[in-house]
Each structure stands twice: as structure tokens, then as C-alpha cells.
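The values are calculated or read from the model by the stated rules, or taken from the named source; none is laboratory data. The shown structure was predicted, so the numbers you read here are calculated from the model rather than taken from an experiment. As a convention, Cβ positions derive from the backbone with ideal geometry for all residues, glycine included, and neighbour counts pool all protein chains shown. SASA here: full protein model, heavy atoms, side chains in, ligands and nucleic acids out. Shrake-Rupley method; radii C 1.70, N 1.55, O 1.52, S 1.80 Å.
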2 protein chains.
Amino acid sequence: MPQPGAFPLNYNVAMANPRIGQHITFLAEADRLKNVLRRTLLTDSSRRENSAEHSWHLVLCAMVLAEYVAEPVDLLRVTRMLVVHDLVEIDAGDTFAYDASGNADKLERERAAAVRIFGLLPADVGGDLRALWEEFEAHSTPEARFAHAVDRVQPFLQNVKTRGGTWRLYGPTREQVLERMDPVRTMLPALWPLVSDYVEQFFARKAEPAPGLPSP
Amino acid sequence: MPQPGAFPLNYNVAMANPRIGQHITFLAEADRLKNVLRRTLLTDSSRRENSAEHSWHLVLCAMVLAEYVAEPVDLLRVTRMLVVHDLVEIDAGDTFAYDASGNADKLERERAAAVRIFGLLPADVGGDLRALWEEFEAHSTPEARFAHAVDRVQPFLQNVKTRGGTWRLYGPTREQVLERMDPVRTMLPALWPLVSDYVEQFFARKAEPAPGLPSP
């Protein structure tokens, strides 16, 4: 493994253009999103998913599922939004959907993170990406609503593949899960029967005694 | 942790639309890219990077660095290409850039993987994404060439942050590294002084005796 400090090369030396320096600083900082863990499991249950690989999976989902979207969307705008939507977690951490206390101050923590992280960029680019993050948080456009629907479908698939996944591990109620999944109903209605049927089956079976199984 | 098989819910039950079933199968299969490890280290040297989080980072790099690109590109096309460009590694594994024997049969292994993985999708969508992967491999368009430049810059940054990273760990020559980085020179010329200066410094210092350091 590399030994910190032993090769103290100065990579700023060639940057005659300070704007490039800001871009590079931001892109290197973004690497830290790979160490932010979500509650969602990988489909093989081997470990928790991180927010960087999650973001990649969302962009792939958006591209493949765009043909089902209920309102026309600008897919490049959706993609840009999904790529940056979790960057604030570098400072604020991932807040689990069903964690009431964590969600109480989530927006405040994430706003401060957005100021710092998008502030690493030149003002024009940073302002643009920060506005995209705010648009996502506000659910204010078809692009933001589609991005949220995709952000529900992907963890849903991970949960299906891990026999309920986070629903089994952390015990949200049926009503909480259906509310959480609602952007799928409104923005990807063709997928809603699949989602609602699985949720109903999961909670119906969860209520039954399951010999040999630890309590959910 | 979930116990495989204990909740055998059938998530196919609600899929009246078999096309959706193909989309869902592909998207769940894509999750496996998160377990494909590259040689590149995270910037904190804590572990190797996987190909899914790498792909996310490339899309972010493409969006931020598009203002420097030497030829006009369709950024949505670049993004779609980058998001799928490593999916073949689910079957074929990641082939290290400086591994001559691994690269000898790389294309053959990856072609077979492309047939299987993109073949999970409906023929129209799968054919479209497979063509994007082939375009990337062929370097045949400005979008493909920009995607390759971004695919060089991001590991370069990871190497800078880990004191040479894979160059220190695996020992490619200066000439191999410069050849590998050449898409940056042609497609992101504004970044080339930064890259070439760092490479020259790295190989100049590597040749010096470094007391207390293991050989590179």
C-alpha cells in the first residue's frame, strides 16, 4: 500500500488555469461519496451499498425506465440531477428513509454540505449543480419527480433480491413503505402493480409465523 | 442478515407486461458491477475502487469537464456510454490497463459478455446500449473519444491522491503511462499540462533513491 507523504508531488504546479484547479479539487473530493454507506444491501447480501455506486445504478435505471415515465422529461437533466443528488452526504451522511430523528435535521445538514461541496467549483458551475440538487429536493419539476421515482425503484429491487432487505432489517410499517414508494405510482405507473403487489405480499407473509426464522 | 429462501416471494406475479420483466431483470443483474474490483485505489487508499462507483465518477467528470472538450459532443450520449461501458466486466472482469496477457483476449471475453448482458433487455433497448458499448470500444466518435479521455483523467486523479497509486503498485513505464493518458492530450488539451507534468515528476522521483521506502 502507498505510504502517505513519501512521494510529496505537487500536482498544482502545472495548473496555469485556476478554474481547472477548482474542477479537479471538486472531482477528487467527490471520491469520498464511495465511503458513504446506505442501509440498502447489494443483491447478494454481501455488504451495504455505498452512495456512489447507488447513484450510478440510478442513472442506469433512469435510462432504461424512461420509456415508462408519466410526464415528458429532459433525460440529460435527470441524469445530471441523479449524479449529484447524493453528494451532500459526503458531509451530512446518508439519512435512512425511515429514521424520524435523522430526518428532522436532514435538510439543514445537507444545505450546509451543499454550500461547501458545490462551493469548491467555479461559481457558475457550482451554482448550476447546487440548483439541480435543490430542484431534486423540492420535487418541483417532472425531472425531479422522475428522479425520485427511480430513487425508489432501485432500492425496491435490492430489497426484492434480499427477501425484503431493509424492510426486514429495520421494520418500517406497510403504510410507511407504501408512502415511500408513492413516486413510483405517480411517475412510473406501469411499474406500480409490481411494486404494490410485492409490498402487500411481503407484509402479509411477515405477519405469519415463520418457523426457524429470526423475527423480522 | 437475510436468510436466502426463507421469504420466497414471487415478484413476477404482478408483471402483466413481460417487457418490464426484462428491464427489471437487467437492472437487478447490473447490481453485480458493484462487486467488480479495479486496481485503482480510493483517494484515502482504504480499498480498491469498484467498477460501478468508478462509472458514477466518470459521469460526474464528464459533466464538469465538458467545457474543455476539444470537439463538440452530445453529453447525453457520452453519459449513456459511460454508464454502460463497464457492464461487460460483470462476466469478463476488470482487465488492468498494463496487463498484456489479460488484454490479449479482453475483447473476445467482453464481446461474449455483451451478448449475454445486453441480451437480457428487450432487443431494441439492448441493441442500442450494446451499440453504444461498441462505439466506446471503437473510439469511433467524438463522444467515444471524450469518454476515453474522462476514463483516463479519473484514475489519474486517484493516482495523484495516492502518491502514484497503481503506477507505484504495479510499475508501468513512463512510456506506457504517457501512451495510456494520450486521450487526455487530444480531447482535453487544457488538462494535459497538469497530467504530463505530474507523470514526469512521478517518474523522475521514482528513479531517485527514497530512503525508508519500499521499492516502487
message: Running a GNM on chain A with Cα contacts under 10 Å, which residue among A:Leu178, A:Leu132, A:Leu87 ends up with the highest mean-square fluctuation?
response: A:Leu178
query: Using a 1.4 Å probe on the protein chains only, how many percent of the accessible area of chain A belongs to carbon and sulfur?
result: 51
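Placing unit charges on C-beta atoms (Lys and Arg positive, Asp and Glu negative, everything else neutral), compute the dipole magnitude of the protein assembly as shown about its Cα centre in debye, rounded to 20.
For this selection, approximately 1080 debye.
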query: Once the other residues with Cβ under 14 Å from the Cβ of B:Tyr98 are scored (Lys, Arg +1; Asp, Glu -1), what is the net sum?
result: +3
- request: Hey, for a label at B:Asp124 modelled as a point 7 Å past Cα toward Cβ, could you say which residues of region A:53-88 have their backbone N under 12 Å away?
  value: A:67-68
- prompt: Out of A:Thr162, A:Leu178, A:Ala100, whose Cα points farthest toward the positive end of the dipole of chain A (charges: +1 Lys, Arg; -1 Asp, Glu; placed on Cβ)?
  reply: A:Thr162
Net +/- balance of residues flanking A:Ser45 in space, Cβ distance below 12 Å, scoring K and R +1, D and E -1: +2
- line: The answer for B:Arg38, listing residues at least 5 apart or on another chain whose modeled amide H is closer than 5 Å to its amide H, is B:Glu49, B:Asn50, B:Ser51
message: What number comes out for accessible area per residue over region B:1-160 if the probe is 1.4 Å? Units Å², please.
response: 36
message: Let me make sure I get this right: for region B:24-143, a, b and c are the square roots of the gyration tensor eigenvalues over alpha carbons, sorted descending. Under 1.5 in a/c it's rounded, otherwise prolate if a/b > b/c, else oblate. Which is it?
response: rounded
- request: Go through B:Lys206, B:Lys161, A:Lys34 and list them by solvent-accessible area, largest first, probe radius 1.4 Å.
  value: B:Lys161, B:Lys206, A:Lys34
- prompt: Given charges of +1 on the Cβ of Lys and Arg and -1 on the Cβ of Asp and Glu, with all other atoms neutral, how large is the dipole of region B:87-209 about its Cα centre, in debye to the nearest 20?
  reply: 560
- prompt: Can you give the accessible area buried between chains B and A, summed over both chains, with a 1.4 Å probe, in Å² to the nearest 100?
  reply: 7200
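Helix by helix through chain B, keep the DSSP H runs that span 15 Å or more along the axis on Cα and average at least 0.0 on Kyte-Doolittle, and give those back in order.
Passing helices, by number: B:18-30, B:51-65.
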